[in-house]
1. What percent do you get for the relative contact order of the chain when only Cα pairs under 8 Å and 6+ apart count?
2. Mind checking the full-extension length gain between Ala234 and Lys54? Use 0.36 nm per residue of separation minus the Cα-Cα distance, one decimal, nm.
3. Between Val192 and Lys31, what is the FRET efficiency for a Förster distance of 35 Å, r being their Cβ-Cβ separation, to the nearest 0.05?
4. Could you please state, rounded to a whole Å, how far the C-alpha centre of segment 179-210 is from the C-alpha centre of segment 1-72?
5. Would you mind estimating how fast segment 1-71 diffuses translationally, via Stokes-Einstein at 4 °C and 1.567 mPa s with the Kirkwood radius over Cα pairs, in µm²/s?
6. About the Cα centre, and with charges only on the beta carbon of Lys, Arg (+1) and Asp, Glu (-1), how big is the dipole of the chain? Nearest 20 debye, please.
7. Please report, for the Cα atoms of segment 65-148, the Rg to one decimal and the Dmax as a whole number; what are they, in angstrom?
8. Expressed in nm to one decimal, what extension gain is obtained for the pair Ser206 and Leu85 from 0.36 nm per residue of sequence separation less their Cα-Cα distance?
Amino acid sequence: MSAPKLIVGNWKMNGLTADSKQRVDALMAAKSAAFNMVLCPPATLINALNWWTKDSALKIGGQDCHAQASGAFTGNISAQMLKDLGCTHVIVGHSERRQYHKETSAEVAAKAKAAHEAGLIAIICIGETDAERTAGRANDVVSEQLAASVPDCATVDNTVIAYEPVWAIGTGKVASSDDIKGIHALIREKSVVKAQILYGGSVKGSNAAEILHLPNVDGVLVGGASLKADEFLAIANAA
Ligand code: 13P
């Protein structure tokens, strides 16, 4: 059998205790040799999710971390702190962080390094904007971000690459199978580390099977559809 697919839910800035408990209870029944599931809730819910899911196969991740282990960085959370709470993964370099917080690929690499030092798996996000794609620069942008965002300490065990075309995030516009095949093959070829490669951007139950079975697609990073347990389960069950 092929390696289990990695199904990651990024809740972004969504979720309060009551609705999250209901969602997690529904997901805990999900078990299959075909996939591994990671939930990335807002930091406020990480402790609760780790407690609720302690007897399940679900893993928990953070949505971001600081590059330093500790210090005078009000409002930030370090990779060590996420590890301390029981996280196994952390997303770094999400396009919303790159866009709204002006994070550069060098900063993303520093965060990924901090994640590795803390013993976390870094899910490193890369992807082109609509303007870059229209200008025919998608391959160049993805190659540049890949080269600059993955730190030297990356290994197959501590790193996952997520290709998330910015124009497909939260828009309902999913990349075509040919687009995904092309960019994932490029990432596979250019990546110095043989990491798993996820696709993200408007993944839902109805398109997950096609995406998950494309060559070089090792899983999916899901935003909106991960907030509905039945939809997220439909995606996982397509693996
Ligand atoms: P959507 O699935 O809502 O398009 O979001 C994708 C994403 O940004 C996951 O990190």
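The values are calculated or read from the model by the stated rules, or taken from the named source; none is laboratory data. Note that the structure is a prediction, hence the values are computed from the model and not measured. Virtual Cβ from ideal backbone geometry, glycine too; neighbours counted across all protein chains shown. When the accessible area is computed, the model is the full protein with side chains, heavy atoms only, and any ligands, DNA or RNA have been set aside. Shrake-Rupley method; radii C 1.70, N 1.55, O 1.52, S 1.80 Å.
1. 20
2. Computed gain between Ala234 and Lys54 is 62.5 nm.
3. About 0.55, to the nearest 0.05.
4. Each part's Cα centre sits 21 Å from the other's.
5. 98
6. My answer is approximately 320 debye.
7. Taking only Cα atoms of segment 65-148, I get Rg and Dmax of 14.0, 44 Å.
8. Separation in residues times 0.36 nm, less the Cα-Cα distance, equals 40.1 nm.
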